[in-house]
1. Evaluate the stretch 94-102: report whether one residue or more is modelled with pLDDT of 95 or more, surrounded by 13 or more Cβ atoms within 10 Å (Cβ to Cβ) and under 13 Å from the mean Cα position of the chain (by Cα).
2. Among the residues of the stretch 81-88, is any surrounded by 12 or more Cβ atoms within 10 Å (Cβ to Cβ), in contact with an Asp or Glu (Cβ under 8 Å, 6 or more places away or on another chain), at pLDDT 95 or above and among the aromatic types (Phe, Trp, Tyr)?
3. For residues that are in contact with a Ser or Thr (Cβ under 9 Å, 6 or more places away or on another chain) and at pLDDT 90 or above, tally how many sit in the stretch 1-22.
Amino acid sequence: MEMPDSKSFHWVCCMTISDAHSAPVFDLAWSPCGCYLASCGGDDSICIFRSDLPSSTCSPDVICSPSLTLWLHLRKAHSGDVNSVCWYPTLQNPIDNSKVLSYLLASGGDDRLVNIWSIPLDPDCTGTLCVPPASPLDDELD
């Protein structure tokens, strides 16, 4: 299989997020549903951004004008630089009897710790974007 010529690729910066971190950003990770973007960096913090991009939208115009808003800012997530973040691939059952679903996010930092965070889903986020249709938790949402 022949790879395309590098001249045929057209890279476009669709969006720039600024002012979320006060030091270099070291890692980024999209949540399994594609609804959240986690970032971490040298300011000891983790930022979670919420995407307003509908999952069924494939239009290049929409894809190149995403809307990301700061959803959570975990200041001092570690006592040193936060070097990496990684989402657990499935939704978690609520610990209490509430209907609030969450993802788990792991982070690793210069403090030699791995922290596991429970990140609640946006209560306004409904439909297939945040709750995958094959989720075993669908029955609990009714």
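1. Within the stretch 94-102, not a single residue is modelled with pLDDT of 95 or more, surrounded by 13 or more Cβ atoms within 10 Å (Cβ to Cβ) and under 13 Å from the mean Cα position of the chain (by Cα).
2. Scanning the stretch 81-88, I find no residue that is surrounded by 12 or more Cβ atoms within 10 Å (Cβ to Cβ), in contact with an Asp or Glu (Cβ under 8 Å, 6 or more places away or on another chain), at pLDDT 95 or above and among the aromatic types (Phe, Trp, Tyr), so the answer is no.
3. Residues meeting the conditions: 4.
The values are calculated or read from the model by the stated rules, or taken from the named source; none is laboratory data. None of these values were measured; they are calculated from a predicted model. Positions of Cβ are backbone-derived with ideal geometry, glycine not excepted, and every protein chain shown enters the neighbour counts.
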